[in-house]
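The values are calculated or read from the model by the stated rules, or taken from the named source; none is laboratory data. Quantities reported herein were computed from a predicted structural model and do not represent experimental measurements. Every residue, glycine among them, receives a Cβ derived from its backbone with ideal geometry; neighbour counts consider all protein chains shown. Just so you know, the surface numbers come from the protein's heavy atoms only, side chains and all, with ligands and any DNA or RNA stripped out. Shrake-Rupley method; radii C 1.70, N 1.55, O 1.52, S 1.80 Å.
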Amino acid sequence: MEDGGFVIRPVCLSDLKWFYEVSQQVGIGFTSLVPDKKYLETRLKLAVDSFAQKLPPEQRLYLFIRENLPSREPVGICGLVACVGHNQAFYNYQISTVVQACESLHISLVHTILRLVTNYQHASELVSFWVSPQHRGKHISKSLSLCRLLFIAQHPQWFGKELIAEIRGVCDATGYSPFWDAVGKYFFAMDFSVADRLTVTAGKQYISDLVPREPIYYDLLPAAAQKAIGAAHADSQAAKVLLESEGLKFHQHIDIFDGGPLLSAELEHIKTLVNNKLTTIANCLPNIDTGVYALVYNNKLDARFTTALINVTTAGTIEISEQTAKILGLKQKDQIRYCEI
């Protein structure tokens, strides 16, 4: 793929067919891409209305698609929830410890427990990250993931002070999740795949009604469930490493369904949010042969992102190629936001 040979853009309703095809590939446990056409259509409509600013900021969902050019072949998805839990509880288990001691017997024991919490209420969340298997690597995943951070940098008033990402936990192709099998099924009385689907097709009230409020003792869980706590699904490991390189960290919070890790960081500690630059296009040249490789964003709600070589001038402005300008819908003297990658 040549530099600048793709565009990342907001979703539109005509993307439904492709979204549904993708939802049949991702497997169980990828909650935001459950293969339910009505749900996916509702989700796309929510995103379209969010970009059009038809919803209050706290209700918005932003979804982006990466397309190869010039074929317009879609190869990846990423998303951004402006505010989690604005109208319902956002639950996680927090891993912590308690000490129990008997002085007369000289016994002191430290127990690891899982405690139900809502510590990330009103944070913003990175969601729906997926790249077609045949297109993974070669900066494709990186540019798709980081474009959301440039979007936040341009519109910080719409997002929380903390950013989170729930990493898909361990489960197999049949829907078996060792953590759910040891914990969830005893409180929800259903298979993991059913609970995963209900989350998006029937709302989350059933979670509030049934989730266990009492601490769960780690040592009472089977070995497979213990191993799954805080572990990422094999397909999500690369995404986890990328987010960790940006400064998001595991702070002992896990998903209540599959035990997958929740990563978090305050916006002021996230690499791209700190190091991105807003500047002006000095020139659009036929070709750029030297310079720095960057992810560039047109700063608009009708967002366009791509990667390209750019020249940074001594004045801090940049020169881009005519091809890059065309992809972004920009011209000389327009503002542009970028980060080196």
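Of note:
- Residue match in segment 330-337 (condition: more than 21 Å from LEU163 (Cα to Cα) and without any contact (Cβ under 8 Å) to a residue 24 or more places away in the chain): no
- Every test in (1) without any contact (Cβ under 8 Å) to a residue 60 or more places away in the chain; (2) farther than 30 Å from THR307 by Cβ is passed by VAL211 save one, and that test is (1).
- Scanning segment 64-92 for residues that are hydrophobic (A, V, I, L, M, F, W, C) and either open to solvent by less than 10 Å² (accessible area, probe 1.4 Å) or out of contact with any strand residue (DSSP E or B) (no Cβ under 7 Å at 6 or more places or on another chain) (or both) yields PHE64, ILE65, VAL75, ILE77, CYS78, LEU80, ALA82, VAL84, ALA89, PHE90.
- Listed conditions (1) closer than 25 Å to TYR62 by Cβ; (2) open to solvent by 70 Å² or more (accessible area, probe 1.4 Å) are all met by SER104, apart from (1).
- Members of segment 112-124 that are out of contact with any helix residue (DSSP H, G or I) (no Cβ under 6 Å at 6 or more places or on another chain) and open to solvent by 40 Å² or more (accessible area, probe 1.4 Å): ARG115, THR118, ASN119, GLN121, HIS122
- Here ILE107 fulfils each of the conditions (1) out of contact with any Gly (no Cβ under 8 Å at 6 or more places or on another chain); (2) touching a residue at least 24 places away in the same chain (Cβ under 8 Å) apart from (2).
- Among the residues of segment 158-166, none qualifies, meaning not one is at pLDDT below 95 and among the hydrophobic types (A, V, I, L, M, F, W, C).
- Members of segment 216-239 found to be surrounded by 20 or more Cβ atoms within 10 Å (Cβ to Cβ) and modelled with pLDDT under 95, listed by number: HIS233, SER236, ALA239
- Per the conditions (1) under 22 Å from SER132 (Cα atoms); (2) part of a strand (DSSP E or B), the sole criterion not satisfied by LYS142 is (2).
For (1) in contact (Cβ under 8 Å) with a residue 24 or more places away in the chain; (2) touching a helix residue (DSSP H, G or I) at 6+ places or on another chain (Cβ under 8 Å), each residue gets a yes or a no:
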{"site": "LEU40", "(1), (2)": "yes, yes"}
{"site": "PHE51", "(1), (2)": "yes, no"}
{"site": "PRO70", "(1), (2)": "no, no"}
{"site": "PRO74", "(1), (2)": "yes, yes"}
{"site": "HIS86", "(1), (2)": "yes, yes"}
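- Selection within segment 4-34 - in contact with a strand residue (DSSP E or B) (Cβ under 8 Å, 6 or more places away or on another chain), under 30 Å from LEU330 (Cα atoms) and part of a helix (DSSP H, G or I): ASP15, TRP18, PHE19
- Residue check for LEU144: open to solvent by less than 10 Å² (accessible area, probe 1.4 Å), more than 21 Å from GLY27 (Cα to Cα) and in contact (Cβ under 8 Å) with a residue 40 or more places away in the chain: no
- Extreme residue, most open to solvent (accessible area, probe 1.4 Å), among residues of segment 157-211 that are hydrophobic (A, V, I, L, M, F, W, C), under 30 Å from THR272 (Cα atoms) and in contact with a helix residue (DSSP H, G or I) (Cβ under 9 Å, 6 or more places away or on another chain): VAL170
- One residue from LEU61, LEU40 being at pLDDT 90 or above, touching a strand residue (DSSP E or B) at 6+ places or on another chain (Cβ under 6 Å), of a type in the set (A, V, I, L, M, F, W, C) and under 22 Å from GLU166 (Cβ atoms): LEU61
- Which listed residue is in contact with a Lys or Arg (Cβ under 8 Å, 6 or more places away or on another chain) and outside any helix (DSSP H, G or I), from VAL110, VAL98, VAL75: VAL75
- Looking across segment 1-23, the residues that are at pLDDT below 85 and open to solvent by 50 Å² or more (accessible area, probe 1.4 Å) come down to MET1, GLU2, ASP3.
- Some residue of segment 53-63 being open to solvent by less than 60 Å² (accessible area, probe 1.4 Å), within 30 Å of ILE216 (Cβ to Cβ), of a type in the set (A, V, I, L, M) and part of a strand (DSSP E or B): no
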